[in-house]
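The values are calculated or read from the model by the stated rules, or taken from the named source; none is laboratory data. None of these values were measured; they are calculated from a predicted model. Heads up, the Cβs are rebuilt from the backbone with ideal geometry, glycines too, and the neighbour counts pull from every protein chain shown. Just the protein is used for accessible areas: all its heavy atoms, side chains included, with ligands, DNA and RNA removed. Shrake-Rupley method; radii C 1.70, N 1.55, O 1.52, S 1.80 Å.
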Amino acid sequence: MSRNTEIFVIGGGPAGLSAAIVASQLGARTLLVDDSARLGGQLIKQTHRFFGSSNRDAGIRGITIAEMLCKEVKDASDRLTVLENTAAVGFYANKEAGILSQDAYERVSYQAAIVCTGATENSLTFENNDLPGIYGAGGVQTLMNVHGIKPGRRILMVGSGNIGLIVSYQLLQAGVEVVGLVEGMPTIGGYLVHASKIRRLGVPIYTSHTILKALGETGVEGAVLCRVDERFQPVPNTELTIECDCICLAVGLTPLIDLFQQAQCRMVHVGELGGLVPLHDSAMRTTNPDVFVAGDASGIEEATTAMLGGRIAGARAYESIHGKSPKAEAIVEEAREELRTLRSGSTGERIRWGRERVLKEVGAC
Amino acid sequence: MLKNTGIITSEELKPVLPAQTRLEKGPVAIIECLQDIPCDPCVSACPVKAIQMQSGITDRPQLDFETCTGCGACVPKCPGLAIFIVNMKHNVPGKALLSMSYELLPVPAKDQEVDALDRAGKFVCKAKVARVINPPAYDRTAVVTIEVPADRINDIRAIKV
Ligand SMILES: Cc1cc2nc3c(=O)[nH]c(=O)nc-3n(C[C@H](O)[C@H](O)[C@H](O)COP(=O)(O)OP(=O)(O)OC[C@H]3O[C@@H](n4cnc5c(N)ncnc54)[C@H](O)[C@@H]3O)c2cc1C
Ligand code: SF4
Ligand code: SF4
């Protein structure tokens, strides 16, 4: 079988949903596919209140933002088709892609594609890191908040970015003991309000520490930590053993980019954005003019910025087919202004730097 | 230091504490949000516009203690759970009231005795729950008020039920 659409959106997280909503509202026939059973991407596990701007859903729980976006998707259903449990598996020449659902493989021919595949979790090398009971933070969140399963009784968290801090808090809410949070840097990586939240519930934060090995034969029984110096080298005789039955790694995300490589988009490595990302301009258009990008796939950031990037990509993809539109222009202008304020200040410095680099490189090619 | 340990030191806390004269007048907010993060729900939550951000969303919230009525509307809206209300004008001698967000289960009941904890989660004393507000509009963030020794009001920042 084959399908035909004007705009083809891959990924139903905050970026993809926003892109599909804008594109279909502007009037484009749009198809959205997501490989999971429920739309919302990362949002369906975010039970905490979001930080961010209150004119863009801050103070509201991630799960509620997902519901709000899904409602907008439903309202646009005359132009917007959604396929859940359906993965985009490849790009072909001549603006065609392949999608795989549980019972069929189909071809999609499109005029513009917006790829919003999100990110994958990073791992960490240490002795015994393949023992059962060692999870990524995203996996722990899915178990706990989507399926209602506790990953363990006593958890050690590695990584003090916002994900490590927030998942620790959610573990405490689920009744799991968090025996400690380990961070290699001398300072906490995520927002300090989130750190204070778990600290005052008694979770020790070990900054300037790393995990040397996991203990146990058939599953995790503990972990050995040690202090590290300024060059992240273990300091001898500072080892300490912590008892736990689960280790949770929150050590960063990497954009999921296989599809861009297939679509022959030029890639660039930007550490501040999480690794290799497709080069794209301020319209979120990659070097393949039929392919746009938004969300974590364009550089690891946040749901708020993913939604704004998605809106820009949706509007510009619409214009790439239907020509200039004042409505699309207004959406882009508004989103740009919000992005600028969200990325201002010292906590946005790395992202600003990374984003500027991508724009510079794209200008150069 | 807060950024190394997650615990605000008394030096770091000073700039966000209201003056003694303001404390004596009744309930007032203390906003323990000391980093310029992109976040602002507290600003729009305040009915009397006591919370301001000078140049935009990444500014730290600035509270005008004189304008603040201590109403507590901002408390459950803060995703950082960083806002506390202190009321030193309490009718029990030597005691004061402290309100904070609480998102764990079980939610305590009025008059229940709970453990009051400091910023490191260490036990400070037993405390009686004076009030619990948990309406649907707060979307599962309860605001719990406990009665604590007045001289420990700046140390206690959590409870264990
Ligand atoms: C613990 C935690 C806390 C967070 N807290 C906040 C917060 O407070 N505020 C904030 O703004 N942000 C927060 N974030 C970040 C935010 O969740 C992400 O930045 C955001 O979800 C990225 O959106 P996205 O649409 O790019 O990707 P995702 O949400 O990851 O969605 C991508 C979707 O694409 C699907 N997909 C991938 N590949 C394919 C394919 N080939 N075919 C079909 N579908 C595919 C995936 O299944 C997924 O549904 C948090 C993240 C975590 C993990
Ligand atoms: S306690 Fe009430 S008046 Fe004071 S800052 Fe909060 S919302 Fe405003
Ligand atoms: S809502 Fe809370 S975390 Fe956000 S800026 Fe205000 S005080 Fe800080």
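Among the trypsin sites (Lys or Arg not before Pro) found in segment A:119-207, those both in a DSSP coil and sparsely packed, with 13 or fewer other Cβ atoms within 10 Å of their Cβ, are A:Arg153. Once the mean of 1/r is taken over each pair of separate Cα atoms and inverted, segment A:123-249 shows a Kirkwood hydrodynamic radius of 14.4 Å. Partners of A:Lys327 within straight-line reach, counting aspartates and glutamates whose Cα lies under 13 Å from its Cα and excluding those fewer than 8 residues away in the same chain: A:Glu319. One quarter of the surface of the convex hull around the alpha-carbon atoms of the protein assembly as shown equals 26.1 nm², the direction-averaged projected area. Cross-link pairs exceeding 32 Å in C-alpha to C-alpha distance, out of B:Lys89/B:Lys126; A:Lys74/A:Lys360; A:Lys360/B:Lys49; A:Lys360/B:Lys77, comprise A:Lys74/A:Lys360; A:Lys360/B:Lys49; A:Lys360/B:Lys77. Given the options A:Ala250, A:Gly310, A:Leu276, identify the residue whose Cα lies farthest towards the positive end of the charge dipole of chain A (+1 on Cβ of Lys, Arg; -1 on Cβ of Asp, Glu). The one lying farthest along the dipole's positive direction is A:Gly310.
In debye to the nearest 20, how big a dipole does chain A give about its Cα centre with +1 on each Lys and Arg Cβ and -1 on each Asp and Glu Cβ?
That gives a dipole near 740 debye.
Do you know the relative contact order of segment B:2-160, to the nearest whole percent, from alpha carbon pairs under 8 angstrom that are 6+ apart? Worked out over segment B:2-160, it gives 19 percent.
Think of the protein assembly as shown as a dipole: +1 on every Lys or Arg Cβ, -1 on every Asp or Glu Cβ, centred on the Cα centre; then among A:Val108, B:Ile57, B:Ala150, B:Ala150 lies furthest on the positive end. Mean per-residue shielding of peptide A:181-192 is 4, counting Cβ atoms of other chains within 10 Å of each Cβ.
Counting only heavy atoms of protein chains, what accessible area per residue, in Å², does chain A have with a probe of 1.4 Å? Provide the component values of the computation, followed by the final result.
On the way: 15230 Å² over 365 residues.
Result: 42 Å² per residue.
Averaged across the residues of A:141-147, what count of C-beta atoms belonging to other chains lies within 10 Å of each residue's C-beta? Intermediate results must be reported in sequence, preceding the final value.
Working: counts 0, 0, 0, 0, 0, 0, 0.
Per residue, the average neighbour count from other chains is 0.
Taking every protein chain into account, the accessible area of segment B:2-160 amounts to 46 square angstrom per residue (probe 1.4 Å).
How many percent of the accessible area of segment B:2-160 is carbon or sulfur, using a 1.4 Å probe? On segment B:2-160, the fraction of accessible area on carbon and sulfur atoms equals 54 percent. Could you tell me the center-to-center distance, by alpha carbons, between segment B:75-89 and segment A:46-69 in angstrom? The distance from the Cα centre of segment B:75-89 to that of segment A:46-69 comes to 20 Å. Along the axis of the charge dipole computed for the protein assembly as shown (Cβ charges of +1 for Lys and Arg, -1 for Asp and Glu, origin at the Cα centre), the listed residues B:Ala45, A:Gly11, B:Gly70 are led at the positive end by B:Gly70. Residue pairs exceeding 19 angstrom between C-alpha atoms, taken from A:Lys71/A:Lys324; A:Lys150/B:Lys3; B:Lys95/B:Lys128; B:Lys128/B:Lys160; A:Lys197/B:Lys3: A:Lys71/A:Lys324; A:Lys150/B:Lys3. Note on segment A:123-249: antiparallel DSSP beta bridges, both residues inside, total approximately 40 percent of the bridges counted.
So if I take the alpha carbon set of segment B:24-153, get Rg, then get Rh from the Kirkwood formula, what is the Rg over Rh ratio?
Numbers: Rg = 14.8 Å, Rh = 15.4 Å.
Answer for segment B:24-153: 0.96.
If you roll a 1.4 angstrom probe over the protein chains with everything in place, what fraction of the accessible area of segment A:274-365 belongs to carbon and sulfur, to the nearest %?
Numbers: 2030 of 3830 Å².
The computed percentage sits at 53.
Rounded to the nearest 20 debye, the dipole magnitude of segment B:1-155 is 300 debye, with +1 charges on Lys and Arg beta carbons, -1 on Asp and Glu beta carbons, and the Cα centre as origin. Of all aspartates and glutamates in the structure, those lying under 12 Å Cα to Cα from B:Lys122, and not within fewer than 8 positions of it along the same chain, are B:Asp155. Loop-located trypsin sites (Lys or Arg not before Pro) in segment B:88-161 (DSSP state other than H, G, I, E, B) with a sparse environment of at most 16 neighbouring Cβ atoms within 10 Å: B:Lys89, B:Lys110, B:Lys122, B:Arg140.
Remark: relative contact order (chain A) = 19 percent; criterion is Cα-Cα distance under 8 angstrom and separation of 6 or more residues. Couplings 3J(HN,Hα) for segment A:173-189, derived from phi with the Karplus relation 6.51 cos²θ - 1.76 cosθ + 1.60 (θ = phi - 60°), are 5, 7, x, 9, 7, 9, 7, x, 10, 9, 9, x, 6, x, 10, 5, x Hz, where x marks Gly and Pro. Extents of segment A:122-180, taken as max minus min of Cα coordinates on every principal axis and listed largest first, are 30, 23, 20 Å. Most simply put, chain A has about 50% antiparallel DSSP beta bridges, counting only bridges with both residues inside it. Between B and A, buried accessible area from a 1.4 angstrom probe totals roughly 3000 Å², ignoring ligands, DNA and RNA.
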